[in-house]
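J.: Please read through the structure below; I'll follow up with questions.
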Amino acid sequence: MPIGYRVAGRVLELVCPAGLEVTARAAAVRVAEDRIRAHVPERVRLVFVADRAEEGWLSPACLSVLARVRRLCESLVIPVEAVAGPAVVREAA
């Protein structure tokens with residue numbers, strides 16, 4: 001799966017590789033939307049995890065995922081934040 005997640009209290013944390021390929025974008029968006037609708041969190045945190053070779057860089061597919069998550073969260077009145085950093089989570093089922 002191109003995107004993982006974890007739930008910490010009422011915060012849903014979605015973890016996406018910073019170098020997400022465009023071929024995996026649709027699947028990542030689907031997982032993100034499904035998790036948001038399933039958990040209905042108070043806040044969504046989108047974490048972009050980069051390899052050392054790509055630090056400070058987000059692929060166009062990542063920006064697309066961010067835009068889709070932001071639009072969905074706005075429609076559900078859920079605050080969303082995007083951060084960079086390491087995370088270890090289970091893969092979405």
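J.: How much of the DSSP beta bridge set in the range 1-74 is antiparallel, as a percent to the nearest 5?
T.: Looking only at bridges with both residues in the range 1-74, the antiparallel portion is about 40 percent.
J.: Could you calculate the contour length gain from ALA27 to LEU63, that is, 0.36 nm times the residue separation minus the distance between their Cα atoms, to one decimal place in nm?
T.: Extending this stretch completely gives an extra 11.5 nm.
Values quoted throughout were computed directly from the atomic coordinates according to the rules given, and no laboratory measurement underlies them. Remember, it's a predicted structure, so these values are computed and weren't measured experimentally.
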